[in-house]
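What follows draws every value from the coordinates through simple rules; no lab data is involved. Note that the coordinates shown come from a computational prediction; the quantities given were computed from them, not determined experimentally. Because the Cβ atoms are built from the backbone with ideal geometry, glycine has one as well, and the counts that use them run over all protein chains shown.
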Amino acid sequence: MQNDGEDLRSNGTASGKASKMLWSSDRTRVERKLRVLANPCFVLSWLGKQQHEGAYARGRTSCVRMDLIPSRGGDGEFRFPDTPSFRPNLSPKEIFQSGSFGGTYFRPIYSSVVRKRLKDAWKEFPDEWFEGLDIQKQVASPLYDVQVNLYKAKTGLSLEEWEGKGWITTYDPYGWVQWYCRFFLGRRTPDDSRQIGRWSAIAGAKGRWKRNLIHKVVLAEKEFDDASVSPVIRQLLQHWAYRLTEDHFDDYAKQVRAGKRTSFIPTAMATSLEEFETKKESEKRKKDEQRAERLERRKRLR
């Protein structure tokens, strides 16, 4: 992944870097790099602590840690240096390019959490993530089109329902995928542990929806990637940056065939995924939120 942060890591003094950035022959790049120079994050990057998002900071001003950008293993899973247990196998680009959310994820919204209207949120991310897509139909459409989805199945709650259940925070008013996009690029917030916990409960090593899908495939005596088995759950898992792999299927299928019981959730209820948050998960979420609030208060007092 190449971005303006790489320019900041090139050889030479800070002034040399600034000169290199300013004397670009491309006017667009010059304007973009001028915005980098005008941001306090540029100074921090000299100290080696943080890197500015550069080309990705078109819609939001913030800093990211370039050393936290993930690598991808031979198994297709992403490895994040600071969160080894978080192992999604779809990148943000792959989520959108595959066909997700009925094309509506980054549609214009009114967020009751931040109390403002939001639009063009996708613009803060790399252009290559949306290359070849019709933004108005596949990324920011106001109307849900199930034909956009890879598995031609509708899944998930509405933004209003997510907000009502307290799942949406001011960090990422669009929800989990917006959080994941930013986390993927190196941003970190006090909300990370909660969001990773949500992913783990759904698609992690013991994720209930992943195991549910594997059990259904075993009972149907189909191949792991047969889309005719639970397309709704497959679509749901894709929205959580996961696609079932043969290795993961084989590992748990052995247990299922040996008599391992799986908690079955009706496929129809996949549209109300958040309803299955357990009491223990709910308590942990509340504690994480309280901890995040305390950290924020301490920061403001400094």
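On the beta carbon distance between residue 293 and residue 220, with R0 = 51 Å, the FRET formula returns roughly 0.65.
Pairs of Cα atoms in the stretch 163-228 fall into 5 Å distance bins, from 0 up to the last occupied one, in shares of 4, 15, 20, 17, 14, 12, 11, 7, 1 percent. Protection proxy ranking, highest mean first, for peptides 106-118, 241-253, 225-237: 225-237, 241-253, 106-118, where packing is the per-residue count of other beta-carbon atoms within 10 Å, averaged. Using Cβ point charges alone (K and R +1, D and E -1), the dipole size of the stretch 143-218 about the Cα centre works out to roughly 500 debye. Averaging the Cα positions of each part gives two centres, and for the stretch 177-215 and the stretch 122-137 these lie 22 Å apart. Label sites at residue 161 and residue 300, each approximated as a point 7 angstrom past Cα along Cα to Cβ, lie 3.3 nm apart. Shown here for the stretch 116-152: GluC sites (Glu not before Pro) in loop regions (DSSP other than H, G, I, E, B) with at most 10 other Cβ atoms within 10 Å, namely 131. One decimal place: the segment residue 261-residue 119 gains 46.6 nm when fully extended, by the rule 0.36 nm per residue minus the C-alpha distance.
Once both labels are positioned 7 Å from their Cα atoms along Cα-to-Cβ, the gap between residue 85 and residue 135 label points is 3.8 nm.
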